[in-house]
Amino acid sequence: MTTDTPLDFGDPAGLEKLRAEFRTWLTGHPLPARLPGEPLPVFLHRWHRLLHSGGWVGLDVPEEYGGRGLTSLHQIAVSDELGARGAPGVPRIGYLAHALLEFASEEQRRRLLPRMLAGDDVWCQGFSEPGAGSDLAGMSTFAERHADGHYTVRGQKLWTSYAQYSDHCLLLARTDRAAAPHASITAFVLPLDRPGVTVRPLRAANGDDEFCELFLDDVRLAGEERIGAEGDGWALAMTTVSYERNALDTGHLSKYGLLVERLRRTARERAGELPDGLLSEIGRCFVDYEVLLAHTRRRIAERLAGQAAGPESSVDKLLMTGAEQRLYATALKVFPEELHGPGGELLAEYLYSRAASVYGGTSQIQRNIIAKRVLRLTDGDG
């Protein structure tokens, strides 16, 4: 297989037909232009609605909840086609939708999912905290349950992406101070216009306002706004990140493949000009890509077989981080002209890739999770 061919995964019947239909649809519905001064999430929301109008959002969500009742492979095929064109991917709500599918009540699924898929409600994710950004189990935001069944939430979230543009937040909070950390986390649907909620955008060094602080001052949540049972939050979080960290679900793998193919062609064309060390780095990028491809295919096979998401997603995060950072660092060495002048997409991707080993849980935390929860090592083991 080469990096410029679609990923097949042993395509089931109808999958290649769906790809062809999507390509035809894209021809008639190209990516709209971003308007001058238009915030990125507003532009992406327009793209979300356009994709949904064609039936390309939530393919693997049952029809009764607003989807098309197909498989993960069908949604991945759409993400793959978008990545291969360098277009923004399918809105990154799949990981939230599947968390609701698995843990929400039937009433919650029917009420929340169709509006989420259509873009009628915009969602963000309230997981990280100032003192527990990577160590999710160390969160301190607390939801106190009262006799009448409602909760009062107090705490703070950080790095909440585009909360200022969102309607709802999938919130994690501790509900039992005496229980073990992983067993005391509970999930809630938090309407962001609820009294006591303050959203404060953070201005990054590059001018972006993607990240926000979220302050929760005695926010009242009804018992019906809890997702799943008390203590289900950790399992829900693992389901969420298993989709968020899979490079196929997000379309990242196709985007990486485009750049790997560009590097490979350049290595052949300029074989006499590029130093051996740089040629070796290009080769390592190709190997990283193929390893990541094989690994993500295995994860999808496990999902289709009904295997629940678990701490193994930390392996996914490490592999994707390493592949992405090496790829963009190598590309800038091969194409140094993209460090200067207009355009600069490659430089922007490189700069963003440096954060990959921090956001979503640092690489150090991921290794600790793998050691303790996958390999079952203890602090005293050699």
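The table below lists the values:
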read-out: Every residue from region 19-71 that is outside any helix (DSSP H, G or I) and among the small types (Gly, Ala, Ser); value: Ala33, Gly37, Gly54, Gly55, Gly58, Gly66, Gly67, Gly69
read-out: Pairs with Cβ under 9 Å, 6+ apart, first in region 35-59 and closer than 19 Å to Gly251 by Cβ and in contact (Cβ under 8 Å) with a residue 60 or more places away in the chain, second in a helix (DSSP H, G or I) and among the small types (Gly, Ala, Ser); value: His48/Ala118; Arg49/Ala118; His52/Ala118; Val57/Gly94; Val57/Ala118
read-out: Residue within region 303-313 that is assigned to a helix (DSSP H, G or I) and exposed (fewer than 15 other Cβ atoms within 10 Å of the Cβ) present; value: yes
read-out: Per-region count, region 132-171, residues surrounded by fewer than 20 Cβ atoms within 10 Å (Cβ to Cβ), assigned to a strand (DSSP E or B) and among the hydroxyl-bearing types (Ser, Thr, Tyr); value: 1
read-out: Close pairs from region 156-168: first among the acidic types (Asp, Glu), partner in a loop (DSSP other than H, G, I, E, B), Cβ under 7 Å, at least 6 apart; value: Asp167/Asp121; Asp167/Val122; Asp167/Leu192
read-out: Selection from region 211-256 of residues that are of a type in the set (D, E, K, R) and outside any helix (DSSP H, G or I); value: Glu213, Asp217, Asp218, Arg220, Arg226, Glu230, Asp232, Arg245, Asp249
read-out: Single residue of region 172-192 satisfying the filter (of a type outside the set (Gly, Ala, Ser) and in a loop (DSSP other than H, G, I, E, B)) that is nearest to Arg145 (Cα to Cα); value: Thr175
read-out: Residues that are in a helix (DSSP H, G or I) and under 16 Å from His48 (Cβ atoms), drawn from region 84-111; value: Gly94, Tyr95, Leu96, Ala97
read-out: Qualifying position, being surrounded by fewer than 18 Cβ atoms within 10 Å (Cβ to Cβ) and closer than 30 Å to Thr175 by Cα, among Asp218, Asp209, Asp316; value: Asp218
read-out: Search result, residues across region 82-123 that are within 15 Å of the chain's Cα centre (by Cα) and free of Cβ contacts under 8 Å to residues at least 60 places away in the same chain; value: Pro88, Pro91, Ile93, Ala97, Trp123
read-out: Meets criteria (under 18 Å from the mean Cα position of the chain (by Cα) and either in the same structural domain as Ala222 (by TED's automatic domain parsing) or farther than 21 Å from Tyr256 by Cβ (or both)) for Asp60; value: yes
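The values are calculated or read from the model by the stated rules, or taken from the named source; none is laboratory data. These numbers come from a predicted model, not from an experiment. Cβ: placed from backbone, ideal geometry, glycine included. Neighbour counts: every protein chain shown.
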